[in-house]
Every structure is written in C-alpha cells, then in structure tokens.
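The values are calculated or read from the model by the stated rules, or taken from the named source; none is laboratory data. Quantities reported herein were computed from a predicted structural model and do not represent experimental measurements. Note: ideal-geometry Cβ built from the backbone for every residue, glycine included; neighbour counts use all protein chains shown.
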Amino acid sequence: MRYCIVGAGFSGAVIGRALAEAGHKVLVIDERLHVAGNCHSQRDPQTGVMTHVYGPHIFHTGDERVWAYVQRFGAMRPYRHRVQAVAGGMVYSLPVNLLTINQFFRKVMGPEEARAFVATKTRPISNPANFEEQALSMIGADFYEAFFRGYTRKQWGLDPTQLPASILKRLPLRFDYDDSYFAHPHQAIPERGYTELVAAILDTPNLELRLGARFEDLTEAFAHVVYSGPIDRYFHYELGRLGYRTLDFETIRAKGDYQGTAVVNYCDEATPYTRITEHKHFAPWEKVKIEGTILYREFSRFCGKNDIPYYPIRQTNEEAMLKKYVDRAMATPGVTFVGRLGSYRYLDMDVTIGEALAAAEAMLERIATTADIPVFFAPPLQHA
C-alpha cells in the first residue's frame, strides 16, 4: 500500500515514519523547500546564530511518551523560557508573578498577602464569556489594561471582548517568584534545531520526501491521504476562507547582546510590534561563542490568501464555516485531516506530536483489519 502525507511538519513526519516503519510505502510532500513547517530553524549566515525562521518555538511537555519520542531523533538541550514585558515605560516579568505584582504596585508583599491584594482588584465573574471578562475575574483591571488589552488587540486585531476566555486561561498567575513561562517538567530546544530533528524523523526506509511539491499538482494514486494542510484549502476554499493571523518580521542584526533576553513583549498598543525576539538566547549553550546577534521585531496582521497562516481565529463566523467544512470532509472518502491546519486548532508541539502518534497507531490498526480510516482522529468541533 502507498500513502501520501501532505505536509512535512511534525504531524506529517510522525505519521509518515510510523507507516513507513510498518512496511508501507509513503510519500511525504511539502510545497516549501524545507521540512518542519513553521518550526523551521536555520543558521543565519551573517551572525552564525541559529534562528527560528517563523518565530520562536519552545518545546515543553509533561507527556513522557512524547518526550521519549523526540529524544530518539536529536539531542534536546534544557531551556527555561522567560519573558519580559514593556508596559508604561517600565520592564516587568511575565507571566504575572510575585515580582510583577510587587513591582507594579510598588509594594513588598509575601504570597498570601499578594493573593489577598490581587483578589481585591478582580471582579466576581463566575463564567467569563470572553477574554476581557476572564482577565478582569483573574487578574483585575490594572494588570489587564497594562499587559493584556493592548497586546491582545495587536496580536489578534480584535477587541478582547470578541475573543474566547480560553486564550488567557493558558497563562498562569503565580504568587511566588517563579518567572518560568511554562510549568511542564520537560522544557528544551533541539541542539541542532527543529529542522534537523524533523529531517531525522523523516529519514527512514520506505519513505520518499518530495519538497517544493503541491498536493494539487499530484497525479499519482494512493491508498489514503493524510492531509495536514489547511482544511479549507483541500476543498479549494469553496465555502470561504477560514480566518488566521499571520506574522511579519523586521530583522535587526548587531554585535554582542542586544536586549539581554530571548523575548521582550511590548504591551502598549501605541507600539506597532508585539515583541522582539533575540535568537541567540534560545541556544544558551552556544551564545557565548557567537559575537553577532539577530533579532526579529514581530508584527501581527490578518492572513491574506498568499500569506503563511499562524493562529486560527475561531470567531463565531469561523466556527460556522468550519462546521460546513467538517461536514464536507466527513462525506469525502480516502482522506484524514490532522494537525493545526487540518483541524483548525491552536496546538502546542507536544500535543501535535502526541496526536500524530495516536493517529498513526489507530491508522495501522485499521489498515491491518481493512477497516475504514477515520476522517478525523481529533474532531475540530470538540476543541473550540
């Protein structure tokens, strides 16, 4: 049996390798000239810094199976992500922690005192209906106005009242001095970059990798297609285009250490960019050996038809359109939709890999019993 995997990111690579290792012939295609999708990393020729070409990606997980899997294909170097935020002409630590609270309110409080103090700033909203209500009930108006309202409007191009509460729920509020952005036990970055890691996953017998190839141009026949591209594109946008945000990057090159940390968020709405990332700090094991530095100023905007999609918006109109595409997909034989674009969901890398491993196992079970392969293994409409 010969299978086609559309997209050479983590979803396509993990599923393609599993099918190939089981003895099936697999073609993995990607229209870009590199693997790893938006996780693509490459060394900047001018500075020698390993750059995250489409913006920073930090691997973090509590899934032991996923952690063991990625370590099969490359050395994972410990990396603890920390973010600074500029608001009102001051620099603060994010996510909001005890240092942020004391600095912002110019107080000296311990954990319990700070917890009680912040509670006096919040509003009692039992079931927050949107991002703004979640912020007001979780951190109060002062922090919301300083750190989140302007930044969110820049990032999403929408008022926070139009965004789901779930976006803010992903960010912690801490009453100690822990300034680590993530809380997972495993936090790391591939020593040789994400692209080499994904290339190693794809390097196996029975798997053909074809770059610079569009699925729409293929004329070959396959037993089944696993599609990790945009679900609306598969159906030629016949029902309309799902909404995404995309990113533009303005490059800065300099000598030495430019901003002293990997990421600085710019929360004031008057500042046009959302953040500046300095890439040598994503590889602390080699930054002392590199004299030059490269940074990206990051600008967010609505994704046009020729842009790279980053973040699914999933407003009410997108949810309605997505349901129509899901119905169309369910009536289409011979294809399975996976990954961030195939299911129109925001997914961290570890979740993407975990879902791909589970999908590959389920596919192999069904192939072995000649049962139908599902159109979705992670239904998009259950993950709004």
**Message:** Anything in the stretch 259-286 that is more than 17 Å from Gly150 (Cβ to Cβ) and either polar (S, T, N, Q) or surrounded by fewer than 17 Cβ atoms within 10 Å (Cβ to Cβ) (or both)? List them, or say none.
**Reply:** Gln259, Gly260, Thr261, Thr277, Pro284, Trp285, Glu286
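Listed here are the residues, each with its yes/no results for (1) among the charged types (D, E, K, R); (2) more than 19 Å from Gly37 (Cα to Cα).
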residue	(1), (2)
Tyr151	no, yes
Leu163	no, yes
Ile167	no, yes
Tyr177	no, yes
Ala183	no, yes
His186	no, yes
Glu191	yes, no
Tyr194	no, no
Ala199	no, no
**Prompt:** Could you count how many residues in the stretch 248-274 are under 21 Å from Thr47 (Cβ atoms), in contact (Cβ under 8 Å) with a residue 60 or more places away in the chain and not aromatic (Phe, Trp, Tyr)?
**Reply:** 5
**Request:** Would you check which residues across the stretch 134-177 are β-branched (Val, Ile, Thr) and modelled with pLDDT of 90 or more and list them?
**Result:** Ile139, Thr152, Thr161
**Request:** Quick one: which strands (runs of 3 or more DSSP E) lie wholly within the stretch 57-120 and hold at least 2 residues that are small (Gly, Ala, Ser), crowded, with 17+ Cβ neighbours inside 10 Å and modelled with pLDDT of 95 or more?
**Result:** 83-87
**Request:** Might you check whether a residue that is among the hydrophobic types (A, V, I, L, M, F, W, C), under 23 Å from Thr316 (Cα atoms), in contact (Cβ under 8 Å) with a residue 24 or more places away in the chain and crowded, with 17+ Cβ neighbours inside 10 Å occurs anywhere in the stretch 122-139?
**Result:** yes
